[in-house]
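**Student:** My structure is below; once you've seen it, I'll send some questions.
What follows draws every value from the coordinates through simple rules; no lab data is involved. Because the structure is predicted, anything quoted here is derived from the model rather than measured. Cβ sites come from the backbone with ideal geometry, for glycine too, and all protein chains shown count toward neighbours.
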Amino acid sequence: MTNTVKVGIASIVAIIFSAVLYLETLTMSRAAYQLPRILIVIIILLAMAMFAEEYYKSKKKKSQGTEEAVVKQPEDKYDKIHYDRIAVFVGAITVYIFSIKILGYFIVTPLFIIGIFRYLKSVKMTTALIIAVGFTGFIYMLFIRFLHLPIPITMF
Amino acid sequence: MEYLMLGLNNVMTFMNLAAIVVGTALGLFVGAMPGLSATMAIAILLPLTFSLPTATGISMLASLYLGAMYGGSIAAILIRTPGTPAAAATVLDGYPMAQQGRAGKALGVSLFASLVGGVISSIALLTVAPVLGSVALKFGPVQLFAVAVLGITIIGSLSQGSTIKGLLSGVLGLLLALVGMDPVTGSARFTFGMINLYSGISFTVALIGLFSIPQAIRLIEKDQKVITQVNKFKDRMLPTMKEIKQIIVTVIRGSIIGIFTGIIPGTGGDTACWFSYNEAKRFSKNKANFGKGAIEGVAAAESANNAVVGGALIPTLTLGIPGSSATAVLMGSLMVHGIMPGPTLMTEYADVTYTLIWALLLANVALFFVGLLFTRLAVNVVKIPNHVLAPIIVILCVIGSFAINNSFFEVYLMLIFGLLGYLMDKIGMPTAPMVVGLILGFMLNMSLYQSLLIGRGSWMIFLQNPISAILLLVALFSVIQSTPLFGWIKKKIVASKI
């Protein structure tokens, strides 16, 4: 996906978001909607300007012979972005957040750490276990015992 | 003077001094980890200060910021990867020094330059802030509205990359700050019937999400480079008197550059270190040595990035406009403790504000000793793989955002902001202006309402007042100067002169 397309999608999303919020202002009193409406108009203008700027830049690049559409090969293997990995990681975070509410901190946190470490093959299983248990315990001690702050221990 | 002594008295308690030492040590270790920024470190560790007294919590975070600035140089010198963006210029001479077997010297020079830069900027903060603060105290709603507009336009237009994207991010932040109960009319705005949104979007949640989750995703999106070679250092860290004489002018120059760069909202340590490095090279008699292991190169970059801390706090504490994303997070920590940023910080909350300033000054001294003690230990942190850090960051974000209100709603909101921050990053839109928008939104809303009330509904009130008119003009100029229109006007003027 080229930058122009990405920015174009972002501009459309910003405009739709602004339109939804504008509709919300229809039920507000004048004093309450004054500033939001001004900001909404500015957002719509800036979103359009953002797309125009990106389009102009890509046109300029094309005319200079460095077509943006040509997908550049990464310089080395460390520059390649793994989108599948991002999707799995974001999915794991979402599952972690929703399951911590049901199963509680002590069960889900070590599982999340071990799961991610194994998926990314970042450390050996024993190291993953030690880090998972050690970090889970450390956070518990820090938040509950030392700082007296709440953590989602269990919902049972 | 009374407040100055009060602040000094406050900071000299065991609890606060311990917080300063712990903060600098934590900052040093986090800063040493490649890929983790000082801003993220403050954002992620902010929840730890919830249960601490305000002065202690804020002292710890300010010390952490300072420690992270120095910590960034450890990875830069030893593995040629800056621990923080502010240490980017340190690589140029720090790494060659390490390869020549002078890693200890490079780190010692970095520590000394950080100490001098930090102390000079803290003194500047201690002297300039009260003066500016007393001027800002005379500001009414009309001027405060102009200050808020100026803050958002400057940080938007000076953000790296596109001004339009910076401004859009800032205005989105302003709009998000309006979610919840309107303090003027008492009616709900953009809550969509959700009871949790009536109290507004928690600023802390937004900044934890915006600064930490994108960082965690970035750490795993690429294959990790295995750090096999870390330059060892066995040589002495402390610079000799001869070396101090050699670098002192560069360090003072770098400190001044750092202070002024810090004052300008939107610019931070990453800009200051390059600016200072280039100036050091320009003034040097041995320009050829730069890039090959010149201690002046390390001194210039490190004095400037630590001096930024004090400089950036000047507009933050006097006007309520954060000078950098890290100071925006520091401001957020004040808000967590019920202190509203703005000109009243220097009077109404003078005890906390002056404690913070003194804490910053003392943190520089603490950093020097913590650095001498722990730098050798921090070398091990440099080797921690990015993929190991990513889930750890996520857990700290989740637990931290839950701790704010003992509620899962904040955790969901944090994740939404995190994903938004990552997507913004992918299209080159900076997140710092959005955070500043979230801070300034309340001030903008209240001052607009009050100003229009004073002006009987007329918007001309903002142009009738000279201070607000000038501030708004500067805001307009800051936007125009970064657009193609300015370049076109400049070209026309040059052409007409020829």
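**Student:** Region B:340-414 to region B:55-90: how many Å between their Cα centroids?
**Tutor:** About 12 Å separates the Cα centre of region B:340-414 from the one of region B:55-90.
**Student:** Give, rounded to the nearest 20 debye, the magnitude of the charge dipole that the protein assembly as shown has about its Cα centre when Lys and Arg contribute +1 at Cβ and Asp and Glu contribute -1 at Cβ.
**Tutor:** Values: 45 positive and 24 negative charges, 361 e Å.
Computed charge dipole of the protein assembly as shown: roughly 1740 debye.
**Student:** Sticking with this structure for a sec: So what's the back-of-envelope 222 nm ellipticity for the protein assembly as shown, counting only DSSP H runs of four-plus at -39500 (n - 2.57) apiece and dividing by all residues, rounded to 500?
**Tutor:** Values: 25 runs with 470 residues, N = 654.
Result for the protein assembly as shown, helices only: -24500 deg cm²/dmol.
**Student:** Report Rg (one decimal) and Dmax (nearest whole number) for region B:264-404, counting Cα atoms only, units Å.
**Tutor:** So, for region B:264-404, Rg and Dmax equal 18.7, 56 Å respectively.
**Student:** I would also like to ask the following. Run the numbers on chain B and let me know its relative contact order in percent, using alpha-carbon pairs under 8 Å that are six or more apart. Let's see the in-between values first.
**Tutor:** Details: 1036 pairs, mean separation 143.1, N = 498.
Once divided by the residue count of chain B, the mean separation gives 29 percent.
**Student:** A further question follows. Find the centroid of the Cα atoms in region B:1-41 and in region B:109-150, then give the distance between the two in whole Å.
**Tutor:** Comparing the Cα centres of region B:1-41 and region B:109-150, I get a distance of 18 Å.
**Student:** Just to confirm the filter: which trypsin sites (Lys or Arg not before Pro) across region B:63-150 are DSSP coil and have at most 16 other Cβ within 10 angstrom of their Cβ? Numbers along the way, then the final one.
**Tutor:** Numbers: sites: B:Arg80, B:Arg102, B:Lys105, B:Lys138; in loops: B:Arg80, B:Arg102, B:Lys138.
Those satisfying the criteria are B:Lys138.
**Student:** What angle do you read, to the nearest 10 degrees and between 0 and 90, between the alpha-carbon axis of helix B:203-221 and the longest principal axis of chain B?
**Tutor:** 40
**Student:** In region B:419-495, what trypsin sites (Lys or Arg not before Pro) fall in a loop by DSSP, with at most 12 other Cβ atoms inside 10 Å? Could the numbers behind the result be given before it?
**Tutor:** Values: sites: B:Lys426, B:Arg456, B:Lys490, B:Lys491, B:Lys492; in loops: B:Arg456.
Passing both the DSSP loop test and the Cβ count: B:Arg456.
**Student:** With angles folded into 0 to 90 degrees, how steeply does helix A:105-120 sit against the dominant principal axis of chain A? Use alpha carbons for both and round to 10.
**Tutor:** 70
**Student:** For region A:88-133, which trypsin sites (Lys or Arg not before Pro) pass both filters: DSSP loop (anything but H, G, I, E, B) and at most 13 other C-beta atoms within 10 Å?
**Tutor:** On the way: sites: A:Lys101, A:Arg118, A:Lys121, A:Lys124; in loops: A:Lys121, A:Lys124.
Answer by residue number: A:Lys121, A:Lys124.
**Student:** Take the alpha carbon gyration tensor of region B:116-239, find the square roots of its eigenvalues, order them as a ≥ b ≥ c, and report rounded if a/c is under 1.5; if not, report prolate when a/b exceeds b/c, else oblate. Could the numbers behind the result be given before it?
**Tutor:** Values: a/c = 2.47, a/b = 1.33, b/c = 1.85.
Judged from the Cα gyration tensor, region B:116-239 comes out oblate (a/c at least 1.5, b/c at or above a/b).
**Student:** Okay, moving on. Other chains' Cβ within 10 Å of A:27-33 residues: what's the mean? Show your work: numbers first, answer last.
**Tutor:** Numbers: counts 3, 6, 5, 2, 8, 11, 5.
Going residue by residue through A:27-33 and averaging, the value is 6.
**Student:** Which of the pairs A:Lys121/B:Lys426; A:Lys62/B:Lys383; A:Lys62/B:Lys426; A:Lys60/B:Lys287 have their Cα atoms more than 32 Å apart in this structure? If you can, show how the numbers build up before the last one.
**Tutor:** Working: A:Lys121/B:Lys426 25 Å; A:Lys62/B:Lys383 42 Å; A:Lys62/B:Lys426 21 Å; A:Lys60/B:Lys287 37 Å.
The pairs that break the limit, which is 32 Å between Cα atoms, are A:Lys62/B:Lys383; A:Lys60/B:Lys287.
**Student:** Continuing with this model, one more query. For a test of the definition: using alpha carbon positions, the gyration tensor, and the 1.5 limit on a/c, classify chain B as rounded, prolate or oblate. Display every interim value, and only then the final one.
**Tutor:** Values: a/c = 1.55, a/b = 1.36, b/c = 1.14.
Prolate, because a/c is 1.5 or more and a/b exceeds b/c.
**Student:** While we're looking at this one, here's another question. Whose amide H sits under 5 Å from the amide H of B:Arg189, counting only residues 5 or more places off or on another chain, with H placed in the peptide plane?
**Tutor:** Here B:Gly180, B:Met181, B:Asp182 satisfy the definition.
**Student:** Looking at the square roots a ≥ b ≥ c of the eigenvalues of the Cα gyration tensor of the protein assembly as shown, which shape do they give, rounded for a/c under 1.5, prolate if a/b is larger than b/c, or oblate? Spell out each step's value before the answer.
**Tutor:** Numbers: a/c = 1.27, a/b = 1.15, b/c = 1.10.
Cα axes put the protein assembly as shown in the rounded bin.
**Student:** Positive end of the charge dipole of the protein assembly as shown (Lys, Arg +1 and Asp, Glu -1 on Cβ, about the Cα centre): tell me which of B:Gly161, B:Met15, B:Leu360 has its Cα farthest that way.
**Tutor:** Of the options given, the answer is B:Gly161.
**Student:** Calculate one ³J(HN,Hα) per residue across region B:110-124 by plugging θ = phi - 60° into the Karplus curve 6.51 cos²θ - 1.76 cosθ + 1.60, and present them in order as whole Hz with x for glycine and proline.
**Tutor:** 4, 5, 5, 5, 5, 4, 5, x, x, 5, 4, 5, 5, 5, 4
**Student:** Rank-order A:49-62, B:60-73 by packing density, defined as the average count of other C-beta atoms within 10 Å over each peptide's residues, highest first.
**Tutor:** Working: A:49-62: 16.1, B:60-73: 32.4.
Ranking, from highest mean packing down: B:60-73, A:49-62.
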